[in-house]
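Structure, as structure tokens:
The values are calculated or read from the model by the stated rules, or taken from the named source; none is laboratory data. Every value quoted in this text rests on a predicted model; they were computed, and no experiment measured them. We place every Cβ from the backbone using ideal geometry, glycine too, and count neighbours over all the protein chains shown. All accessible areas refer to the heavy atoms of the entire protein, side chains included, with ligands and DNA or RNA removed. Shrake-Rupley method; radii C 1.70, N 1.55, O 1.52, S 1.80 Å.
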Amino acid sequence: MTTTNAPSAVPVSRPFSLWDMACRQLDAVAARMQLDPGTLARLRQCQRTLVVSIPVRMDDGHVEVFEGYRVQHNSERGPTKGGVRYHPGVTLDEVKALAMLMTWKCAVVGLPYGGAKGGVVCDPTRMSMGEIERVTRRYTSEISIILGPNKDIPAPDVNTNPQVMAWMMDTYSMTVGYSVPGVVTGKPVEIGGSLGRLDATGRSVATVTLAAAERLGLHPAQSTAAIQGFGNVGSAAARHLHAKGVKIVAVTDAYGGLFNPRGIDVAALHEHVRGPGGAGTLQGFQGADYDPDPVAANARLLASDADILVPCALENQLTAANAEAVRAKIVVEGANGPTTPEADAILLGKDVTIVPDILANAGGVTVSYFEWVQDLQANFWDESEINRSLDRIMLRSFHDVCDVAARERCDLRTAAQILAVSRVAKASRLRGIYP
Ligand code: GLU
């Protein structure tokens, strides 16, 4: 699993665009695979891009107009699938890139989906529940022309949650005149959501982390981990790793960070941040040193001497500016796109094993797939069956990717992309070009 093809020179850093990064990664694997130019040209474009304006009456009576996007990158392997994020920094380029990553992610783990993504430029931390609901309903109504259980199925992503999915499902259902639970996943279980979905992404991150550690001869009980982000993904990854004996020595969020070389009590931290009436942030937690400066805390976390580094926040976190300082042996990407290509090259040059996003965090969309299947059949599974199936798919996919890496003598990101692109390209060839 070590790197045998690290570039000899680190590429020069330039202004960050996730879309650029996704295209550069695709170009590199396409060249390596000798993908035919016609297929590459198709995969380099998004199949369908919808930009909508979302007028909303705010609580104080004034009208604000938000911009929203839904991008379907490729539907060659099935209906498109992917989350919706609410964030002030959302751009169309970012959503396009995340849609492309979803195509690869679904293909790596073998789900019968293509990739999509949605986003609304807004800051939900400054909005009331009523305002978030109205943004959600109008956004859903605007994009409903391209949604449907057989067309495109949204799910939660950054700053969206089961309640937002419930509003999306309700809005779509009201429009067509009957309940359509299969139009979104990540819903509350009471309206057709799946058991195990909330923890699924973090659980898959932990599963592949332990598999990667085992390959490097690291025993969980003797390993330490640093987790960037304590949202849905980071908190679940921390809990699942902790349950297997891994000591969590550093955690950060958007406001600061906690550090304790003797290990953080993750269950207590989860209660503190995310339990009923929880603080919503790490601040105020006893049992670790708190650094209230988020920039300094994140720099300290990324350079910590933990064996395993798990970025579970946003993209563009490991960059040319800080990758040299990383001391972890394994980086597992809970977030989408946390490592820039420059940082990737630096880390590979330092022999760091990187388990890429399209593999590591695929547990979320995998249990979304289980949810969709359950909704379509109106037949629900118990949680142990869901977790067993998820773990089986994650371990099988991890080993598939390792096999490609060994055969192609490449790193795991390149291997995961080769696997994904070859599956999508095969579907594309079989279906041909219409008309
Ligand atoms: N937003 C998640 C992701 O990036 C989940 C997508 C889904 O479940 O469709 O993988």
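Filtering the range 319-341 for residues that are under 18 Å from Leu18 (Cβ atoms), more than 16 Å from the ligand (Cβ to nearest atom), assigned to a helix (DSSP H, G or I) and open to solvent by 10 Å² or more (accessible area, probe 1.4 Å) leaves a non-empty set. Among the residues of the range 1-53, those identified as among the charged types (D, E, K, R) and either modelled with pLDDT of 95 or more or part of a helix (DSSP H, G or I) (or both) are Asp20, Arg24, Asp27, Arg32, Asp36, Arg42, Arg44, Arg48.
Quick grid of which residues meet (1) modelled with pLDDT of 95 or more; (2) touching a strand residue (DSSP E or B) at 6+ places or on another chain (Cβ under 7 Å); (3) in a helix (DSSP H, G or I); (4) aromatic (Phe, Trp, Tyr):
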site: Thr125; (1), (2), (3), (4): no, no, yes, no
site: Ile132; (1), (2), (3), (4): yes, no, yes, no
site: Val135; (1), (2), (3), (4): yes, yes, yes, no
site: Arg138; (1), (2), (3), (4): yes, yes, yes, no
site: Asn150; (1), (2), (3), (4): yes, no, no, no
site: Pro154; (1), (2), (3), (4): yes, yes, no, no
site: Gln163; (1), (2), (3), (4): yes, no, yes, no
site: Tyr172; (1), (2), (3), (4): yes, no, yes, yes
site: Ser179; (1), (2), (3), (4): yes, no, no, no
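Go through the range 372-383 and give me each residue that's open to solvent by 70 Å² or more (accessible area, probe 1.4 Å) and either within 14 Å of the ligand (Cβ to nearest atom) or small (Gly, Ala, Ser) (or both). Hit for the range 372-383 is Ala378, nothing else.
Put simply, of Val120, Val164, Val108 the only residue that is buried (at least 19 other Cβ atoms within 10 Å of the Cβ), of a type outside the set (Phe, Trp, Tyr) and over 19 Å from Trp372 (Cα atoms) is Val120. Of all positions in the range 126-144, at least one carries a residue that is surrounded by fewer than 24 Cβ atoms within 10 Å (Cβ to Cβ), without any contact (Cβ under 8 Å) to a residue 12 or more places away in the chain, more than 20 Å from Ala427 (Cβ to Cβ) and not aliphatic (A, V, I, L, M).
Look at the range 342-371 and say how many of its residues are within 13 Å of the ligand (Cβ to nearest atom) and either open to solvent by 30 Å² or more (accessible area, probe 1.4 Å) or farther than 22 Å from Met102 by Cα (or both). Here the count works out to 1.
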